[in-house]
Each structure stands twice: as C-alpha cells, then as structure tokens.
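The values are calculated or read from the model by the stated rules, or taken from the named source; none is laboratory data. Since we're looking at a predicted model, the values are computed, not measured. In this analysis, Cβ positions are derived from the backbone assuming ideal geometry, glycine residues included, and neighbour counts consider all displayed protein chains.
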C-alpha cells in the first residue's frame, strides 16, 4: 500500500516538474510560407554557389556556411547559420543564437513574418525549455530556447525533403 502510494506520488512529482520546465509545443499554421531561406528555394543545388561554401561533406549530406559575412537572421547576429543539403538538394537551415534579447528579437520577427503564436489561457510561455513551431505547406520552423543557458536553436525545414535526412542515419547511431 505504501509502495503504491509512493509510486503515485513520485509519478505526480515527475509530471508536475516536467510541466513546469517545458512549454507545450503546438504547431501554428504558417502564413507567408518562405518556400526556402533567404531567397534560396527548397531543392536548389548549393554546390557551386559563390555565397556559400561547404563546411562538412558526407556521402549524402553536406553542410554549408555563408561566405558573405557575419551570420545574421531577424536583424540580429547569430552564433551560426548552417544550410544543409541532402543528395544535393537544399533541405534544412540550422541557426544557433545566444542571449535573451536576441531570443525576443527572433520571436518578434518570426511571429511578424509567419503568424502569431496561439496564447491559450493558462499556457506556460516561459520555462527552462521553450519550444515553438510554425507549419506551412512547404516549410516548417521549430524554435527551441533554453532559458537557463540563454541558447536558442532554429530549424527551418523543407517539409518534403527534410525527412530524407532520416534515411541516411546509420543503424549504429543510437
């Protein structure tokens, strides 16, 4: 009886703790689907472009970095911006940034460009790990912000091409 009660108490504490530390994720329908990133359409070949250079190359996946200057997005300097292609087709952008002010600027930009987040009464909008998602017909944008380290990550994906990254994950990746 006591073990049963203790188990339920611990399960309840885990549930409440996780609810306090993570904001819920729900996809907001995207307005103004960009169909790519910074005027590069999904599926475009990145090899041979003068504005990007390969930074890591594999048999199917290649990462590119800009050659035109500092990494900027949403009017702010980012830690890094990587463009990824799968089988020579542009499919994903990975952006990293640092700082609470930069995060606020990124969120204002994304909500202005792609639609406001749905604010449900009682929904947590701050927490240690915050996640936001916009989904359009061709593009999906996911933002994760770690408040304790003030690190943010943005993934901008082609909805049709990005799933192909999973095809190239080796069986040894666990």
Residue 48 being out of contact with any helix residue (DSSP H, G or I) (no Cβ under 6 Å at 6 or more places or on another chain), in a loop (DSSP other than H, G, I, E, B) and more than 25 Å from residue 151 (Cβ to Cβ): yes
Residue match in the range 114-130 (condition: touching a helix residue (DSSP H, G or I) at 6+ places or on another chain (Cβ under 9 Å), within 25 Å of residue 42 (Cβ to Cβ), outside any loop (DSSP other than H, G, I, E, B) and modelled with pLDDT of 95 or more): no
Selection from the range 51-85 of residues that are closer than 17 Å to residue 142 by Cβ and assigned to a strand (DSSP E or B): 73, 80, 81, 82, 83, 84
Per-region count, the range 80-91, residues farther than 11 Å from residue 63 by Cα and without any contact (Cβ under 8 Å) to a residue 60 or more places away in the chain: 1
Residue that is at pLDDT 90 or above, under 25 Å from residue 39 (Cβ atoms), more than 14 Å from the chain's Cα centre (by Cα) and crowded, with 19+ Cβ neighbours inside 10 Å, where the choices are 161, 110: 161
Test result for residue 166, in a loop (DSSP other than H, G, I, E, B) and modelled with pLDDT of 75 or more: no
